[in-house]
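For reference, the structure is listed below as C-alpha cells.
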Amino acid sequence: MGTRTLPTRPAIPAWKIILPVLGAVALGWWGYSWATRPVNPPLDPAARQGSVAGDWATLKTFGPRTPGTPGHDRTLDWAQAKLTALGY
C-alpha cells in the first residue's frame, strides 16, 4: 500500500482578517473623534435677553452705518460685544 497524505487545514479567508481590522479602525476613529469634539463655551445669561426687534432698534440709534463713519464703528463694537457674550 502507498502512503496516505495528511489532511491540511484550508487557508483563512482574507475577509475574516480584514473585517475585524476594519471594525477596530472604525471604532478607534469614532473614539478619537468623540474625544476631540469641540465643546461649546459657557453662555453669558445676559446674551439671551432681548429680542430681534430690540436689537434692530439699538442698531437704528447708531445712525448711518457707512464704512468709516462713527455709526459703523459703534455697530462693529456692539456686534463684537454681542458675539463675545454668546461665546464666539
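The values are calculated or read from the model by the stated rules, or taken from the named source; none is laboratory data. Quick caveat, the model's predicted, so the values are computed rather than measured. FYI the Cβ positions are ideal-geometry reconstructions off the backbone, even for glycines, and counts take in every protein chain you see.
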Handout entry: Among residues of the stretch 24-52, those that are closer than 21 Å to Leu76 by Cβ and at pLDDT 90 or above, counted
Key = 0
Handout entry: Cross-chain or 6+ apart pairs with Cβ under 9 Å, the stretch 15-41 first and under 30 Å from Gly87 (Cβ atoms), then surrounded by 10 or more Cβ atoms within 10 Å (Cβ to Cβ)
Key = Asn40/Gly87; Pro41/Leu86; Pro41/Gly87
